[in-house]
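The values are calculated or read from the model by the stated rules, or taken from the named source; none is laboratory data. Computed from a prediction, not measured in an experiment: that's the story for all the values here. Cβ coordinates were reconstructed from backbone atoms using ideal geometry, including for glycine residues, and neighbour counts include every protein chain displayed.
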Amino acid sequence: SAAGNRDGGGPAADQRDGVRVVTAGISGGARPAIHMIRNAGDLARTGLSEEHQRIITRETDFATETAVYLQVGTRPTGGYRLALASVQRSESEVRIDVEERRPERDAIVTQALTYPAILLIVSDPPRSIVVNGPQ
């Protein structure tokens, strides 16, 4: 799956308080992880695919932005996706809440394992970025 695929649709241009959603898709990793990527060295250490690294490099100006890549691990079917729920910003910290949207009980979904993930870009990032997401 391409990193830019969106499961369930919705605009990828969501932005709040200097945090923008670049992509929310189903091609994250099998293990839950949060990657804070402040520079090219951080990006190289993530172990993300070349495709993900290209997207992050293209979308992030590391002089003024930090990329945050959240992957929640394996889900049993399609229909799961991550969305930016809220952002609270102060001079010293940004708190980002990400929610998982599950398929409706009677939804017709892909019968395959999926790996929801979301890529966020934080403009003018303070030293502390706290991400709260699904387990």
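If you go through region 57-87 one residue at a time, how many are assigned to a loop (DSSP other than H, G, I, E, B), within 22 Å of Gly41 (Cβ to Cβ) and of a type in the set (Ser, Thr, Tyr)?
First pass over region 57-87, keeping only residues assigned to a loop (DSSP other than H, G, I, E, B): 60-64, 72-74, 76-80.
Okay, now just the ones that are also within 22 Å of Gly41 (Cβ to Cβ), so 60-64.
Subset that is of a type in the set (Ser, Thr, Tyr): 60, 64.
Result for region 57-87: 2.
Being free of Cβ contacts under 8 Å to residues at least 40 places away in the same chain and basic (Lys, Arg) narrows it down to one of Arg81, Arg102, so name that one.
Result: Arg102 is the single residue among Arg81, Arg102 that is free of Cβ contacts under 8 Å to residues at least 40 places away in the same chain and basic (Lys, Arg).
Taking the condition surrounded by 15 or more Cβ atoms within 10 Å (Cβ to Cβ), touching an Asp or Glu at 6+ places or on another chain (Cβ under 7 Å) and within 18 Å of Gln15 (Cα to Cα), does Leu70 pass?
no
Just checking, how many residues over region 94-131 are farther than 18 Å from Thr74 by Cα and surrounded by 13 or more Cβ atoms within 10 Å (Cβ to Cβ)?
Residues flagged as farther than 18 Å from Thr74 by Cα and surrounded by 13 or more Cβ atoms within 10 Å (Cβ to Cβ) within region 94-131 amount to 12.
Kindly evaluate Ala63 against the criterion of being in contact with a strand residue (DSSP E or B) (Cβ under 7 Å, 6 or more places away or on another chain), modelled with pLDDT of 95 or more and surrounded by fewer than 17 Cβ atoms within 10 Å (Cβ to Cβ).
Spelling it out, it is not the case that Ala63 is in contact with a strand residue (DSSP E or B) (Cβ under 7 Å, 6 or more places away or on another chain), modelled with pLDDT of 95 or more and surrounded by fewer than 17 Cβ atoms within 10 Å (Cβ to Cβ).
Just the residues that are more than 16 Å from His35 (Cβ to Cβ) and either in contact with a Pro (Cβ under 6 Å, 6 or more places away or on another chain) or not charged (D, E, K, R) (or both), please, taken from region 100-127.
The answer is Glu100, Pro103, Ala107, Ile108, Val109, Thr110, Gln111, Ala112, Leu113, Thr114, Ser123, Pro126.
If Glu91 meets every condition in (1) within 16 Å of Gly18 (Cβ to Cβ); (2) in contact with a strand residue (DSSP E or B) (Cβ under 9 Å, 6 or more places away or on another chain) apart from one, which number is that one?
Every listed condition holds for Glu91 apart from (2).
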